[in-house]
There are 2 protein chains.
Amino acid sequence: MSFNYSERMNHISGSATREILKLTADPTIISFAGGLPAADCLPFDKVGEISDELLRGGRAEKILQYGITQGLPSAREAMIEYVKKAGVKNITLEQSIVLSGGQQGIDLMCKVFLSKGDTLLVENPTYLAVLPIAAAYEANVVGVNSGEDGLDIQDLEAKINEYKPKLLYVVPTFSNPTGRTYSLRNRIAIACLTAKHKLPVLEDDPYSKLRFEGEYVPALKSVDVGDNVVYLTSFSKIVSPGLRVAVAVGNKEIISKLEITKQGADVHTSHLSQAIVEEYLRAGYIDKQLKKITPIYKAKKDCMISAINKYMPEEFKYSEPQGGLFIWGALNADIDTEKLFPEAIARKVAYVYGNVFFADDSGHNTLRLNFSNATPERIDIGMHALGDLLKEKIKGDAR
Amino acid sequence: MSFNYSERMNHISGSATREILKLTADPTIISFAGGLPAADCLPFDKVGEISDELLRGGRAEKILQYGITQGLPSAREAMIEYVKKAGVKNITLEQSIVLSGGQQGIDLMCKVFLSKGDTLLVENPTYLAVLPIAAAYEANVVGVNSGEDGLDIQDLEAKINEYKPKLLYVVPTFSNPTGRTYSLRNRIAIACLTAKHKLPVLEDDPYSKLRFEGEYVPALKSVDVGDNVVYLTSFSKIVSPGLRVAVAVGNKEIISKLEITKQGADVHTSHLSQAIVEEYLRAGYIDKQLKKITPIYKAKKDCMISAINKYMPEEFKYSEPQGGLFIWGALNADIDTEKLFPEAIARKVAYVYGNVFFADDSGHNTLRLNFSNATPERIDIGMHALGDLLKEKIKGDAR
C-alpha cells in the first residue's frame, strides 16, 4: 500500500550527503564527505560539567519545563554578545531567536519567504541542503555566479531583475562547499544592492570562527544598510553538532515571523542544549576552544594540501581555504565525480561529488573534500587512494 | 520596511495559547491555560544523574557528534519497547523515528501529506496547534463531530466522501481539549473505515500514560488493519517538555518520508535529549515516575472538580476525565469566553477560550481548564475567581 503524499514529496528525496554519510558509517572507509568536527575537538568535559551544574542548580526547573519559542532570554543575551565578535552589533533580545541548529534557520526562512514558484537565489555552488529545503516549498532555485572575491555583483543584479527573487542565501565566510570568503567590498556591494531591491538575505555563518590564517572579515550583516540581512550562526562546528543549537538575529519583524513558524515546527529548542551553549559562552570557554581547535584544523588542512600535491593528478585544481572545513576541487571537464563515486568507495575513500551543490546540477567535474574529521594519517592514506584512482581515470580517458 | 513574505504567512499568526502563555508569565495570575506538567513532578535528580553519566561515559562522543536523522538506534530500541505498553507491537527499527517533540510529528506529517487546498480532518474540537500548522501548508481543515465515545463514524465517512481528505489527525486518549477517550469499538471503526479509504491517520498520544482511573484502552494503532496509522507519543508530559523528545512509529514508507522532511527541518533531534530519554526508559524510571505523578494529578483533578462544584454557576457543563491534563467545559450559548478573557486576566485567572480548538471557530461558549500545573490551593483560589466572574456575567446577561 502506497499513500497519496503531498506534491512537494515529488521534488525531494534524501539529501546526497546524508546518504553518503550512511555509506561512510563503515569505519574502514576514510571519509572526506561529511562536515563533522574532529572527535578529539568535542568539549566533553566542559559540556559534562556545565550540564551537571545546570541540572543540580536553581535553573533545573526552567530547563525541564516548557518555555518560550524565541528561546531562553539569558541564552539569547549570551548569544547576542557572541555575535558581536563577528561585527554584528546593536542587536536587541527581540531581534534574536534560538534555533535547533542552523538547518532549522534555513528551513524556516524558506518557509517564511517562499511560496510555490517563488525564486530563491543562492551562490553557485551552494550548501547542498538548501536545495531540497527550497524544493519542499516548491520554490525555484537560481544560482548566482561567484569567484574568489565573492558573488558576481553584475550577475546578482541581472538575476534580481530577471527572477524577482524572494530571498538570497549566502555563506560569505569559508563558504560551503568552496571554502572561499567574500571580500568586505563584495559584502558592501551585496548589502547595498539587496537593500535597494528590498531583497531579504540569509547570511549563514557556521564557519567564520574557524579561521586559522588570513585576516578577519566582518559579517555581511555588519554592513547591512537596509536591515534586510538575517545573520544565522550555529554552535555545531565549535561546541557540538549533537546538541543542535544555532541563533538567528536581524530585523524584528522577520524574527517574529520565524518565531511564528518555529512555534509550529518544534515549540522551542531543547532547553538543556540552549543552556549548555549559554554557559559555555558565559564561562569564556569558546575562546579557549577556538585556540585549541583552529591549530588542529590548520594542521589537517596543511596535511590535506600536501597530500593533494603528493598524490593528486596535476589536472586537479583547488583553492586553499583560510578556515572552515572544506577544500573544493575541480578536474578535467570529462571526469564525472558522481559516476566515479562507487569506485572511490570500493577503494575505501569518500568525498561529496560536486554537482549536488549546484542549483542546475552542473559541476559534474567538481568535488568537496572535508579535512576536519579524519586523522592526518588517514588523510594521507585516503588522498593517496583517491589520487591513484583519479590518475588512472585520467590516463584511461586519454587512451 | 516591511518584506514580501510567503502566502502562507497570511494564514498563520502566533497561536492563541502561546500568546496566553506569555500573558500568564505574570506569577500573580493563576493559570489554567497551559498544558504544563507540575514543577514538582519534573524528575530533576534522575535526569541530572543520567546526563552526568552520559557525558562522562563511553557514549559522550556519539552524543556530541552529528548522527542520523532517524535518531540514535539504541534510543529507538528503548522507545519501541515503551510503545508496546500502549498496545503498539511488532515495530522494527526502520519503522521508528525520534522527533523533536510531538509538535514536530504533527508538522512533518502535514508537510508530507498536505498540498495547498488539500483537506485535513480533525476532531471537532481538536488540539489547537494543529490548525496553524495545517494553515502553513495552505490546507483546508475540516472538523468531524464527536461525542463521549469518540468520533461520529457516520460523520467521518460522510466527510471522507465529501472532502477526499489526505490525513486524519486524532488524540484518541484523554483528548486535548476534551479529556475524552475513544472506546475500543470506536477505534476499530476508525481503523477499518480509514483503511478502506487508504486514509493516513496521525494518532497523537501524549497523555495515555497519565491515567489515574478507569480502564486502559489500547492505542488506535494496535487495531490498525490497513497499516495506515502513524502512532506519535511524546515524553514531554511524563519526563520533561524542555528536552523536546517524541517518537513516531508506523508504516515504513511513511516513516521514510518523515525522515526526508526531518533532514531539512533540523537534521536530527538533540542527541543529549534522545539519550536522556533512552536511559530514563532503560532504567525503568518511567514506571516509578508514573506511580508518583498520577496520584498527584488525580488529586489536582479532584480538587478542580470540587472547586467547579463549589464555585461555578450551574450552567457550566463539564466532562470529568479519567486522565490527562484537562477539563473541558461549556457555558450558556450567549457567553463568549474569548470576549470574557481580559476580565478573567484582570481577576488574575487564565484559561484557554474554546473557539481556538474548533476548525470552524465555533464553540465560543466553551473553555479548557488545565489542572496539572497549579497547586491545589491556587486551583481553589483561581476557580473561585473564575466562578464569581461567570456568575456575575450570567446574572448580568439575564437582567
Practice task
Would you pull out the residues with amide H under 5 Å of residue A:242's amide H, same chain only if 5 or more places away, H placed 1.01 Å from N?
Solution key: B:65, B:66
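Do the alpha carbons of any pairs in B:301/B:348; B:237/B:298; A:116/A:237; A:22/B:46; B:262/B:300; A:62/B:300 sit beyond 26 Å of each other, and which pairs?
Working: B:301/B:348 20 Å; B:237/B:298 15 Å; A:116/A:237 32 Å; A:22/B:46 33 Å; B:262/B:300 37 Å; A:62/B:300 22 Å.
Those over the limit are A:116/A:237; A:22/B:46; B:262/B:300.
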Exercise for the section: Name the residues whose placed amide hydrogens come within less than 5 Å of the amide hydrogen of residue A:140, ignoring near sequence neighbours (fewer than 5 apart) on the same chain. Expected result: A:117, A:118, A:119, A:120
Fill in the blank from the handout: Here the range A:182-321 gives, from Cα atoms, an Rg and Dmax in Å of 18.5, 53
Handout entry: Efficiency of FRET from Cβ geometry, residue B:25 and residue B:362, R₀ 41 Å, rounded to 0.05
Key = 0.90
Completion exercise
Whole-Å distance linking the alpha carbon centroid of the range B:37-105 with that of the range A:48-122 is 23 Å
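Taking every DSSP beta bridge with both residues inside chain B, roughly what % is antiparallel (nearest 5)? Write down the numbers at each step before the final one.
Numbers: 21 of 38 bridges.
Restricted to chain B, the bridges split so that about 55 percent are antiparallel.
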Exercise for the section: With a point put 7 Å past each Cα toward its Cβ, work out how far residue A:198 is from residue A:378 in nm, to one decimal. Expected result: 5.1 nm
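Please report, to one decimal in angstroms, the Kirkwood hydrodynamic radius of the range A:328-399 built from all distinct Cα-Cα pairs. Please report the intermediate quantities before stating the final value.
Values: mean 1/r = 0.0790 Å⁻¹.
Taking the inverse mean of 1/r over all distinct Cα pairs, the range A:328-399 comes out at 12.7 Å.
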Practice task
Tabulate in residue order the Karplus-calculated ³J(HN,Hα) for the range A:387-393, using 6.51 cos²θ - 1.76 cosθ + 1.60 with θ = phi - 60°, rounded to whole Hz; enter x for Gly and Pro.
Solution key: x, 4, 4, 5, 4, 4, 5
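For the range A:44-285, what is the Kirkwood estimate of the hydrodynamic radius, computed as the reciprocal of the mean inverse distance between distinct Cα atoms, to one decimal in Å? Don't skip to the end; give the middle numbers.
On the way: mean 1/r = 0.0550 Å⁻¹.
Here the Kirkwood hydrodynamic radius works out to 18.2 Å.
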Exercise for the section: Report Rg(Cα)/(2.2 N^0.38 Å) for the protein assembly as shown, keeping two decimals. Expected result: 0.97
Exercise for the section: Could you go through the range B:280-286 in sequence order and give the Karplus-derived ³J(HN,Hα) for each residue, using 6.51 cos²θ - 1.76 cosθ + 1.60 with θ = phi - 60°, rounded to whole Hz, and x for Gly and Pro? Expected result: 4, 5, 4, 6, x, 5, 5
Practice task
Over both sides of the A-B contact, add up the buried accessible area with a 1.4 Å probe and give it to the nearest 100 Å².
Solution key: 7000 Å²
Handout entry: Separation of the residue B:287 and residue A:39 label points, Cα + 7 Å toward Cβ, nm
Key = 3.6 nm
Handout entry: For the range B:197-243, radius of gyration divided by Kirkwood radius, i.e. Rg to Rh on alpha-carbons
Key = 1.05
Problem - Pairwise label distance in nanometres, residue A:319 with residue A:10, each label 7 Å out on the Cα-Cβ vector - result: 3.7 nm
Practice task
Starting with the highest mean, order B:195-204, A:147-156 by the number of other Cβ atoms within 10 Å, averaged over the residues of each peptide.
Solution key: B:195-204, A:147-156
Completion exercise
In Å², rounded to a whole number, the accessible area per residue of the range B:44-283 with probe 1.4 Å is 30 Å²
Practice task
Using a 1.4 Å probe over the heavy atoms of the protein chains, calculate the carbon and sulfur portion of the accessible area of chain A as a whole percent.
Solution key: 50 percent
Problem - Size-normalised alpha-carbon gyration radius of the range B:267-399, reference 2.2 N^0.38 Å - result: 1.30
Practice task
Note every residue of the range B:196-215 with a reduction of at least 40 square angstrom in accessible area, all protein chains present versus the isolated chain, computed with a 1.4 Å probe, or write none.
Solution key: B:198
Exercise for the section: Name the residue, out of A:350, A:307, A:246, whose mean-square fluctuation peaks in a Gaussian network model built on chain A with Cα pairs under 10 Å. Expected result: A:307
Fill in the blank from the handout: Residues meeting the amide H criterion for residue B:99 (H placed from the backbone, H to H distance under 5 Å, 5 or more places apart or on another chain) are B:246, B:247, B:248
Practice task
List the residues of the range B:22-58 whose accessible area drops by at least 50 Å² when all protein chains are present, compared with their chain alone, using a 1.4 Å probe and counting only protein heavy atoms.
Solution key: B:22, B:44, B:55
Exercise for the section: Could you run the Karplus curve 6.51 cos²θ - 1.76 cosθ + 1.60 with θ = phi - 60° over the range B:78-95 and give me ³J(HN,Hα) per residue in whole Hz, x for Gly and Pro? Expected result: 5, 6, 5, 4, 5, 6, 4, 5, 9, x, 9, 10, 6, 9, 8, 4, 4, 8
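Between residue A:163 and residue A:346, 0.36 nm times their residue separation minus their Cα-Cα distance comes to what? Intermediate results must be reported in sequence, preceding the final value.
Details: separation 183, 0.36 × 183 = 65.88 nm, distance 4.29 nm.
Between residue A:163 and residue A:346, full extension yields 61.6 nm more.
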Exercise for the section: Please give the residues of the range B:218-239, grouped as numeric ranges, whose backbone N is less than 14 Å from a label point set 7 Å along the Cα-to-Cβ vector of residue B:90. Expected result: B:221-229
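When 1/r is averaged over all different Cα pairs and the result inverted, which Kirkwood radius in Å belongs to the range B:133-186? Don't skip to the end; give the middle numbers.
Values: mean 1/r = 0.0820 Å⁻¹.
Hydrodynamic radius (Kirkwood, Cα pairs) of the range B:133-186 is 12.2 Å.
The values are calculated or read from the model by the stated rules, or taken from the named source; none is laboratory data. Please read these numbers as outputs of a predicted model, since none were measured by experiment. We place every Cβ from the backbone using ideal geometry, glycine too, and count neighbours over all the protein chains shown. Side chains are part of the model used for accessible areas, which takes the heavy atoms of the whole protein and leaves out ligands, DNA and RNA. Shrake-Rupley method; radii C 1.70, N 1.55, O 1.52, S 1.80 Å.
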